Amino acid sequence: MLIVFLLWEPGSTGKEFGFDGGDSPGFTVTQNENGEWIINPEIMATSRELYKDGQWLSYDEILKYAANGELDLVSSLWELRRKCPADYTPEQCNEIVKAFILEQYPGADGERLVGLFRKYLSYEMVLREFEQPKGKSQEEIYEIIKKKRRELFSDQDAKLIFGLEEAEKEFQFGYDQFLSEVKNLPGDKKLARYEEYRKGVYGNYYNTINKREPKFNKYETELYFKETDLNKLSAAEKDPQVRAIREKYFGKDGADRIEKVLKEIDAEKKKEEQTSQEEQNWLKAHPTARPEERDKALNEIRVKILGQEEAEAYGRRKALEEDQRRLQGK
């Protein structure tokens with residue numbers, strides 16, 4: 001398993017790294033007059049104990065994978081933090097992480113990573129104090145957060161740490177506008193424009209996003225964009241095209257399984273519709289029936305059509321729906 005670490009949000013400008021004034025004795029990492037890092041032996045031992053089993057990426061790999069979205073530095077940092085003993089303070093845990101970084105990545109590489117870590121710790125403090133302004137949209141609030149990040153990080157570092165997240169937010173905020181622009185296009189063109197939109201928004205992250213996306217999501221996306229066109233076709237024309245889309249993503253066996261499940265769902269739906277119709281017919285024919293007589297008759301109808309187990313589930317669902325209607329005053 002590849003575990004890498006680090007970054008977070010806004011940072012302090014001091015040379016020390018971590019929270020100010022809260023470090024316990026024996027858990028500090030400092031620099032001497034020559035700028036050399038001094039790591040307490042107690043931290044060194046704990047650091048090795050915590051992280052000795054990982055397969056660590058090189059510094060260049062960290063930058064490469066963070067830049068293309070394969071590595072989420074914030075998540076990786078929290079993965080390291082979760083390895084700290086439960087009785088450690090946050091400050092002690094942060095010092096352990098610093099010690100690990102400096103030991104695992106000696107020299108300028110380690111100092112660069114420690115600098116990012118220090119800024120992220122400061123950013124965490126800024127976020128804790130941040131109050132969302134009232135009357136602002138989610139997009140406007142997120143723009144404020146992005147600006148705060150760039151008050152602490154260079155644009156390059158901010159993209160390294162938060163780039164994929166910011167691209168995902170941009171995609172979400174612009175998606176409705178994209179749908180509006182393509183709504184009158186044929187399905188194939190909608191799908192092509194969708195990929196263009198994603199490439200434009202995600203840039204360097206596109207390949208990673210595309211690789212991670214589950215096949216079922218891709219399948220549903222294609223069906224969504226082609227839905228209007230497919231619904232204009234007769235069943236004889238539509239079914240082969242839908243089948244081809246399923247085989248495209250899941251192969252023949254997968255398409256067979258999907259169709260089997262859909263047929264089962266359709267059959268179940270028809271049985272429930274039949275059950276509901278027979279219930280209504282019985283109620284109309286017996287308007288003065290006593291509650292116990294009514295409940296017995298309806299249960300017999302359900303068991304006859306659905307079977308015992310499904311009848312019980314159907315009855316529970318109907319009771320829940322009735323309770324919800326009562327609560328809503330309907």
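Read the figures in this text as sums done on the coordinates, not as results from a lab. What you see is a predicted model, and the numbers here were worked out from it, not measured in a lab. We place every Cβ from the backbone using ideal geometry, glycine too, and count neighbours over all the protein chains shown.
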Approximate spin-label separation Asn204-Lys238, in nm, with each point projected 7 Å along Cα-to-Cβ:
4.5 nm
Any trypsin sites (Lys or Arg not before Pro) in the range 114-156 that lie in a DSSP loop and have at most 12 other Cβ atoms within 10 Å would be Lys134, Lys136
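If I take R0 = 56 Å and measure r between the Cβ atoms of Arg150 and Asp266 in this structure, what FRET efficiency does the formula 1/(1 + (r/R0)^6) give, to the nearest 0.05? Walk me through the numbers on the way to the answer.
Numbers: r = 53 Å, r/R0 = 0.95.
Efficiency, rounded to the nearest 0.05: 0.55.
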Straight-line reach check, Lys190, cutoff 14 Å on alpha carbons, 8 or more apart in-chain or any other chain, hits among aspartates and glutamates -> Asp176, Glu181, Glu220, Glu222, Glu227, Asp229
Please give, to one decimal in nm, the separation of the simple spin-label points placed at Asp176 and Glu220, each 7 Å out from Cα toward the Cβ.
2.0 nm
Near-label residues of the range 235-276 by backbone N, under 16 Å of a point 7 Å along Cα→Cβ of Glu310:
260-276
For the pair Lys83 and His286, how long in nm is the line joining their label points, each one 7 Å along Cα→Cβ?
6.9 nm
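Measure up Lys199/Lys252; Lys64/Lys215; Lys232/Lys269; Lys146/Lys169 against 18 Å on the Cα-Cα distance and list the ones that go over.
Correct reply: Lys199/Lys252; Lys64/Lys215; Lys232/Lys269.
Could you give the dipole magnitude of the range 118-179 about its Cα centre, charging the beta-carbon of Lys and Arg +1 and that of Asp and Glu -1, in debye to the nearest 20?
Values: 12 positive and 14 negative charges, 60 e Å.
I would put it at about 280 debye.
Between the DSSP loop rule and a limit of at most 14 other Cβ atoms within 10 Å, which GluC sites (Glu not before Pro) in the range 72-161 are left?
Values: sites: Glu79, Glu91, Glu95, Glu103, Glu111, Glu124, Glu129, Glu131, Glu139, Glu140, Glu143, Glu151; in loops: Glu131.
Passing both the DSSP loop test and the Cβ count: Glu131.
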